[in-house]
Amino acid sequence: MLDSVIAYVQSADPMAIYLFLFCIAFLKNFFPIVPFDAPIAFTGYLLFYKKLSIALAVMWPSLGSTLGFMVIFFISRKFGMILYARDTTSIPPRWGEKIHRVFPPAEIEFIRKRFAAHGYLAVLLNRFLLGSRSFISPVTGLMHLNAFLVFLASGISAVFWNILLVYGGYLLGKHWQNIGEFVVMYSIPVTLLFVVIIAIAVIKYRKERKKPQQVNQ
C-alpha cells in the first residue's frame, strides 16, 4: 500500500500532491497505526526533483491534521460527558470502576478546571507524544476545553510536526524512509517531559483529595 502511495506522490502534479497530503493527514487522526506520515516525509525528498512549495507542503497536511483533530474533539465533546456520566454498569466493569475511582463523576467539573492547562499543553504537544496522539483529541473533548484554543494549539502542533517531517525528508534524501528514527529523537524527550508533568499533577491532585477525608475522620 505504501509503495503505491509513494508512486502516486512521485508522479502527480503539485496541486494533487497538496490535496493528497491534506487527506492523509486528516485520516491519520482516525487511523493512527497507518504510516500516513511517510508520504509527507517523501514530499520533502521530492523537493529536490519537483517544483513544490515548501510552505504549501507544510500548510496542507497541517490543515488536514488540525481539522481531523477537531472533528474528533467535537464528537467527544458532544457525546463524551453523556457516556462518562452513566453508572459504572453501563461501562465495561473493570475500566469503569478504575476510571471512576481515579476521577469520580461527581468531581468531573472540578477535574476539568484543574487539568485544563495540562489539556491545552497536551494538544500543543500532541503530534510529538509517542503512543498517545490518538487519545488527546477525545480526552480534550471530554474535558470541554475551549474550542478556539484547542484549534489554535492543534494547528501549531501540526505545523511544527509537518515542518519536521518535510525537513527530515529533505535532509535524509534517498534515506527518507528512516524518517521514523529521525522524528523519534524529538518525540522521546517531549513525551518523557509531558509524562512527568502529568504524573506530578495527578499525584498532587490525589493527595489533595485525601486531605478532606482525613480531616473528616
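What follows is calculated from the coordinates using simple rules that are stated; it is not laboratory data. Just so you know, these numbers come straight off a predicted model, no measurement behind them. Methodologically, a virtual Cβ is constructed for each residue, glycine included, from the backbone with ideal geometry; neighbour enumeration extends over all protein chains shown.
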Arranged by the count of other C-beta atoms within 10 angstrom, fewest first, what order do 66, 43 take? 66, 43
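Starting from 0.36 nm per residue, how many nanometres of slack lie between residue 56 and residue 198 once their C-alpha separation is accounted for?
Contour length minus Cα-Cα distance gives 47.6 nm.
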In nm, spacing of pseudo-spin labels at residue 15 and residue 30 (7 Å Cα→C-beta vector): 2.5
